[in-house]
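Single-structure report; data block below.
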Amino acid sequence: MSINDQGGDAQNGSANGMSRSDFEKQQRQNSPKELPGPYLGKVSIVRLSLLLSLLLVFSGSAYAIGYLVSENQHPPSLVDQAIKRISSGDPHSPTEILLQRAAIEAVLKATKDRWSNYFPPTTASAFDATLEGRYSGIGIWLRRTPANQLEISSVQPKSPAALAGIKVSDQLISVDGTDVSSATVADAIAALRGSPNTTVALDLRRNSSEINVKVKRAAVLTGDVLASQVAPKTLYIQVSAISLHSSDDVATALARYPHSRGIILDLRDNPGGVLSEAVALASQFLSPGVVVSYTRKDGVPQVMSSTNSSPDTAPMVVLINGATASSAEVIAGALQDRNRAVIIGDQSYGKGTVQEISSLSDGSQLEITVGQYHLPSERAIDQVGITPDLKVSENGEIAQAISILAGLVALDSGKSNNLKK
């Protein structure tokens, strides 16, 4: 109704013999009564309170309905339901945390990927220390074989394990009398750790023989990279694992020792390690270009390249064997594909999958496979390995490498003389 219409009603009332004041009085008497209390415009605080109460009731009901709908749409997983019932039902059942760990390990086992691992908070720090090149134990790396056996994948030079005669490919059977043959890698690592200068007893299987050794633990061992001159201006670099400082250590060796007559890079018995470090190490000898690539499950390719505009150009030989694996194979394969080094020795292990490490909310870690390595030529490593340019028996590899380097130097010298002519 417009303002003009309201004025017309008042005039009609007056025309029927009712004064304006009488008309307004009648209107007030006939209108609904307001609730008592101070006014806020046309609505009292009491009425506003009732309105708010109704809104709160409605909101609470809506929340409750929404919660129930959400619960029905996203109920607890079957695993969560089972763990809850088992831990609350049987008074002698393991704790909920242990049941959760068992569930995680069962999921990893179901993937049939022997490279995927779960590290509880108690062993995650030990795993980190290994990747950082720090060993608080006996100085070995472990892995699962295709037959699901726990074996030594690397022995750090001059470590307690090396001094005790432990070798790569020895199978670990027990630690201090406790069978670990079917234990996870994480549990085996935890069993090997202990206070410095304490002794741990190991039962190993080598070929068909059983070996019993006692090893004294060391607090901190370093030295995944060892370097020395094996001939005039010839540098020998042994890299026993690819840890977080390996690339820097190799750079230090290159700067410290004259090596114009060549470099021998020894990757024998190297189980691999940190991929980014492997790329950085290889890049010290490679001009800009692809070192390795892999494709994630989402289909997005990951390409890792050298950006080194002034790489080391000394003649180079790389030594590999059947225990050279993973990112160590990436180094050898990239140098081979880019025609930067002569690869000698034996066929490498063939572990060509890349694992990604992620942390869970309690500090535990998952190591899961996210792709397969491809070398610059696009060839794969997994279950194939790196084929050496020259197959050489292990006892004669270093002598053979020195001989090859001498030949490469002579060849380069001949080319230089021809250019001068």
- Message: Please go through region 318-359 and give me each residue that is within 24 Å of Q302 (Cα to Cα), in contact with a Leu (Cβ under 8 Å, 6 or more places away or on another chain) and aliphatic (A, V, I, L, M), ordered by number.
- Response: A328, V330, I331, A332, A334, L335, V354, I357
- The condition of being farther than 17 Å from I211 by Cα, in contact with a Leu (Cβ under 9 Å, 6 or more places away or on another chain) and modelled with pLDDT of 85 or more holds, among R143, R134, only for R143
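Taking only region 133-185 into account, find how many residues are closer than 23 Å to H245 by Cα, of a type in the set (G, A, S) and touching a residue at least 24 places away in the same chain (Cβ under 8 Å).
Of all residues in region 133-185, those closer than 23 Å to H245 by Cα come to 133-143, 152-162, 168.
Restricting the remaining residues to those that are of a type in the set (G, A, S) gives 133, 136-137, 139, 153-154, 159, 161-162.
Then drop every residue that is not touching a residue at least 24 places away in the same chain (Cβ under 8 Å), which leaves 133, 136-137, 139, 153-154, 159, 161.
Counting residues in region 133-185 that are closer than 23 Å to H245 by Cα, of a type in the set (G, A, S) and touching a residue at least 24 places away in the same chain (Cβ under 8 Å) gives 8.
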- Of the conditions (1) at pLDDT below 95; (2) over 22 Å from the mean Cα position of the chain (by Cα), D312 fails just one. Which one is it? (1)
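State which residue is modelled with the lowest pLDDT when the search covers only region 59-100 and only residues that are more than 19 Å from D362 (Cβ to Cβ), open to solvent by 70 Å² or more (accessible area, probe 1.4 Å) and assigned to a loop (DSSP other than H, G, I, E, B). Spell out the reasoning first.
Let us first name the residues in region 59-100 that are more than 19 Å from D362 (Cβ to Cβ), namely 59-75, 78, 81-82, 85-86, 88-93.
From the residues that got through so far, the ones that are open to solvent by 70 Å² or more (accessible area, probe 1.4 Å) too are 63, 65, 67-68, 71-75, 78, 85-86, 88, 90-92.
Filter again for assigned to a loop (DSSP other than H, G, I, E, B), leaving 74-75, 90-92.
Numbers: H74: 64, P75: 71, D90: 69, P91: 72, H92: 72.
So, considering only residues that are more than 19 Å from D362 (Cβ to Cβ), open to solvent by 70 Å² or more (accessible area, probe 1.4 Å) and assigned to a loop (DSSP other than H, G, I, E, B), the one modelled with the lowest pLDDT is H74.
Which residues, taken from region 295-308, are open to solvent by 30 Å² or more (accessible area, probe 1.4 Å) and either more than 18 Å from the chain's Cα centre (by Cα) or in contact (Cβ under 8 Å) with a residue 12 or more places away in the chain (or both)?
To start, the set of residues in region 295-308 that are open to solvent by 30 Å² or more (accessible area, probe 1.4 Å) comprises 295-305, 307-308.
Within region 295-308, T295, R296, K297, G299, Q302, V303, M304, S305, T307, N308 meet the criteria.
Got at least one residue in region 362-377 being in contact with a Pro (Cβ under 7 Å, 6 or more places away or on another chain), among the charged types (D, E, K, R) and loosely packed, with under 15 Cβ neighbours inside 10 Å?
From region 362-377, those in contact with a Pro (Cβ under 7 Å, 6 or more places away or on another chain) are 362-364; that's our starting set.
Still in the list and also among the charged types (D, E, K, R): 362.
The next check asks that each one be loosely packed, with under 15 Cβ neighbours inside 10 Å; those that pass are 362.
Within region 362-377 (the criterion being in contact with a Pro (Cβ under 7 Å, 6 or more places away or on another chain), among the charged types (D, E, K, R) and loosely packed, with under 15 Cβ neighbours inside 10 Å), the answer is yes, since at least one residue qualifies.
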- Task: Tally the residues that are crowded, with 22+ Cβ neighbours inside 10 Å, out of contact with any Phe, Trp or Tyr (no Cβ under 6 Å at 6 or more places or on another chain) and closer than 17 Å to A328 by Cα, restricting the search to region 248-266.
- Result: 4
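The values are calculated or read from the model by the stated rules, or taken from the named source; none is laboratory data. Computed from a predicted model, the values in this text were never measured in an experiment. When we count neighbours, we look across all protein chains shown, and the Cβ atoms used for this are built from the backbone with ideal geometry, even at glycine. In case anyone asks, the SASA skips ligands and DNA or RNA and just uses the protein heavy atoms, side chains included. Shrake-Rupley method; radii C 1.70, N 1.55, O 1.52, S 1.80 Å.
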